[in-house]
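Engineer: Okay, here's the structure, questions in a sec.
The values are calculated or read from the model by the stated rules, or taken from the named source; none is laboratory data. Just so we're clear, the structure is a prediction, and the values are computed from it rather than from any experiment. Note that we place each Cβ from the backbone using ideal geometry, even for glycine, and neighbour counts take in every protein chain shown.
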Amino acid sequence: MLKSLSSSSPRTGGVAAAMSALVLAVLLAALDQTIVSTALPRIAQDLNGFDDIAWVSAAYLLASTAVTPLWGKLGDMFGRKRLYLTATTVFLVASVACGLARNLPELIGARILQGVGGGGMIVLTFALVGDIVAPAERGRYQAMFGSVYGVASIVGPLLGGVFTDQLSWRWAFLINLPVGAVALVVAARALPAGAKGARARIDWPGATVLAAIATGLVLITSFGERWGWGSPAVIGLVLATIAPAALLVPVERRAAAPVLPLNMLASRTVVSSSLIGFFANAAMFAVLVYLPTYLQIVHGVSATLSGIHMLPLVVGLVISQSLAGRWAAHIERLRVILLAGLAANLAGLLLLGTIGAATGTLALSAYFLITGVGIGMVPMVVLTTVQNSVPTADLGAASAVVTFARSIGAAFGVAVFGTLLNSGFAARTSGLPTTAGFDAARPDTIGRLPATLRDTALDAFAHATAAGYLWIAPALAVGILLAAFLKPARRPGATAPAPATRPAPAQDTVQAA
């Protein structure tokens with residue numbers, strides 16, 4: 001069945017309004033993963049919680065990852081608009097609770113609730129694009145969200161620093177309220193109601209199993225190095241994660257409406273695309289999280305200036321996202337785009353593997369630009385490939401699978417690179433004296449070394465950073481191999497979705513068998 005609308009301008013305006021609301025929501029959810037980082041020291045000081053401050057970031061990541069599959073499936077069953085508005089409301093209420101927290105346990109609890117809402121906002125946004133625009137246009141619109149992530153990774157820490165220094169760290173959370181309220185009102189008016197799937201009993205056992213798996217993976221990656229990779233706590237977490245993973249297939253096979261439909265695990269397109277997203281996100285977050293640290297420690301720039309130095313990466317990301325989104329309208333180009341993006345990203349990592357303490361600004365800018373181009377061409381093309389290969393009724397679940405894989409990939413990338421960086425730096429500075437207060441486990445203490453030894457430590461940190469990127473590079477090589485055998489295909493009978501405005505009158509709709 002093919003549907004077309006004789007009146008296109010209302011739909012165009014509706015799509016613009018709906019997309020603006022979705023972009024605002026993604027910006028808020030993405031910023032909340034980065035804006036808090038520069039505020040953590042002040043939060044720990046004000047709330048007297050230095051020992052447990054890492055949970056402020058981990059709680060959000062843990063909750064948002066764990067609920068992703070459930071939000072996606074519930075959106076398929078009960079309508080994505082309704083669930084999206086619910087998730088956004090939860091996120092805004094939790095943001096207020098974060099801003100008003102009186103102690104660290106209250107803040108961590110509010111961050112968990114905020115992660116529950118933020119996870120729903122992200123996955124339902126990606127799925128709603130499938131309701132708003134036709135398959136051929138999805139790549140172009142999904143590209144905007146990738147650009148938002150890139151901008152948030154740079155702007156977030158800057159805003160966090162400004163709020164902390166000039167106002168209060170609480171504004172890092174309270175700022176969500178006015179922006180989110182606008183997004184909520186626009187979304188309520190502009191988003192299409194969307195079709196609801198067949199009503200069935202909610203798959204709580206499957207959701208619980210997936211949440212347990214996500215919880216274990218996030219805790220392992222977030223605290224593995226801190227607790228010790230061979231410690232009883234981490235080994236126990238690994239075993240506690242393997243156990244529910246073994247139950248996943250039997251539990252989902254018995255579910256009437258599984259949170260993770262098993263046909264997706266049997267789809268080579270879904271599985272391969274999710275793995276590509278995992279590896280690409282691991283590399284991307286290793287770059288976005290640790291390059292500013294390299295700039296601040298080795299080149300001695302402020303947090304604000306490190307963001308400015310990273311602008312070439314953001315420019316490359318935004319440009320390549322836009323171009324990839326337009327090219328992705330042609331199904332036969334999807335694999336080419338993925339291969340080109342992964343290759344450029346790999347080239348960028350190999351170039352970053354050559355950086356040192358004396359690497360100049362011009363060379364760094366070129367390396368950042370190439371890396372940004374590679375980063376920008378992959379994530380949303382992966383999502384578009386999966387969405388175009390599944391029925392409309394499964395858009396939420398399919399989007400959740402990819403989002404879940406990317407979230408876990410980001411956590412693994414940050415954890416693995418952090419371990420490589422810290423161990424490499426400690427090995428290269430093992431002979432330096434600690435009497436001046438230098439601690440090889442804390443690169444920020446390099447400034448306490450005598451001037452004669454400081455250059456040695458800075459060079460060691462630069463080389464440890466470079467070595468980390470060389471170790472991460474093989475992940476992208478695996479992604480290239482997977483993309484080479486990927487065969488993107490549009491699902492049979494894919495049609496343009498319903499308009500983002502009010503349903504068209506019956507006489508405006510033409511149906512052809």
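Engineer: Would you pick out the residues in segment 401-424 that are closer than 19 Å to LEU349 by Cα and among the hydrophobic types (A, V, I, L, M, F, W, C)?
Structural biologist: The answer is ALA410, ALA411, PHE412, VAL414, ALA415, VAL416, PHE417, LEU420, LEU421.
Engineer: State whether one or more residues within segment 96-114 are under 18 Å from ALA211 (Cα atoms), among the small types (Gly, Ala, Ser) and surrounded by 21 or more Cβ atoms within 10 Å (Cβ to Cβ).
Structural biologist: No; the residues of segment 96-114 include none that is under 18 Å from ALA211 (Cα atoms), among the small types (Gly, Ala, Ser) and surrounded by 21 or more Cβ atoms within 10 Å (Cβ to Cβ).
Engineer: Sticking with this one: Of the conditions (1) crowded, with 20+ Cβ neighbours inside 10 Å; (2) under 14 Å from ILE408 (Cβ atoms); (3) not basic (Lys, Arg), ALA212 clears all except one; give me its number.
Structural biologist: (1)
Engineer: For segment 443-470, what are the residues that are free of Cβ contacts under 8 Å to residues at least 12 places away in the same chain and not β-branched (Val, Ile, Thr)?
Structural biologist: Of everything in segment 443-470, those that are free of Cβ contacts under 8 Å to residues at least 12 places away in the same chain and not β-branched (Val, Ile, Thr) turn out to be GLY447, ALA451, ARG454.
Engineer: Sticking with this one: Please go through segment 123-144 and give me each residue that is among the hydrophobic types (A, V, I, L, M, F, W, C) and at pLDDT below 70, ordered by number.
Structural biologist: VAL133, ALA134, ALA136, ALA143, MET144
Engineer: Give all pairs with beta carbons closer than 6 Å in which a residue from segment 473-485 that is farther than 16 Å from ALA344 by Cβ meets a residue that is polar (S, T, N, Q); count only pairs at least 6 apart in sequence or on separate chains.
Structural biologist: Going by the 6 Å Cβ cut-off, the qualifying pairs are LEU482/SER272.
Engineer: Here is a further query. Within segment 414-429, can you find the residues that are surrounded by 21 or more Cβ atoms within 10 Å (Cβ to Cβ), closer than 13 Å to LEU470 by Cα and under 20 Å from the mean Cα position of the chain (by Cα)?
Structural biologist: Answer for segment 414-429, where residues must be surrounded by 21 or more Cβ atoms within 10 Å (Cβ to Cβ), closer than 13 Å to LEU470 by Cα and under 20 Å from the mean Cα position of the chain (by Cα): just PHE417.
Engineer: Could you identify the single residue in GLY206, GLY236 that is in a helix (DSSP H, G or I) and farther than 17 Å from THR65 by Cβ?
Structural biologist: Residue meeting the stated conditions: GLY236.
Engineer: Out of (1) in contact with a helix residue (DSSP H, G or I) (Cβ under 6 Å, 6 or more places away or on another chain); (2) at pLDDT 85 or above, what's the single condition that is false for GLN296?
Structural biologist: Checking GLN296 against (1) in contact with a helix residue (DSSP H, G or I) (Cβ under 6 Å, 6 or more places away or on another chain); (2) at pLDDT 85 or above, the one that fails is (2).
Engineer: When you look at VAL271, is it of a type in the set (A, V, I, L, M), within 23 Å of the chain's Cα centre (by Cα) and closer than 27 Å to VAL382 by Cα, yes or no?
Structural biologist: yes
Conditions (1) hydrophobic (A, V, I, L, M, F, W, C); (2) at pLDDT below 80; (3) not in a loop (DSSP other than H, G, I, E, B), marked per residue:
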| residue | (1), (2), (3) |
| --- | --- |
| GLY146 | no, yes, yes |
| LEU159 | yes, yes, yes |
| VAL182 | yes, no, yes |
| ALA188 | yes, no, yes |
| ALA193 | yes, yes, no |
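Engineer: Give me the residue from segment 338-364 that is among the polar types (S, T, N, Q) and surrounded by 16 or more Cβ atoms within 10 Å (Cβ to Cβ) and, out of that set, nearest to HIS463 (Cα to Cα).
Structural biologist: Among those residues, the one meeting the criterion is THR359.
Engineer: Is at least one residue of segment 354-362 of a type in the set (Ser, Thr, Tyr), at pLDDT 75 or above and touching a Leu at 6+ places or on another chain (Cβ under 6 Å)?
Structural biologist: no
Engineer: Another question about this same structure. Among the residues of segment 360-397, what is the count of those that are part of a loop (DSSP other than H, G, I, E, B) and closer than 21 Å to LEU317 by Cβ?
Structural biologist: Residues that pass the stated criteria total 2.
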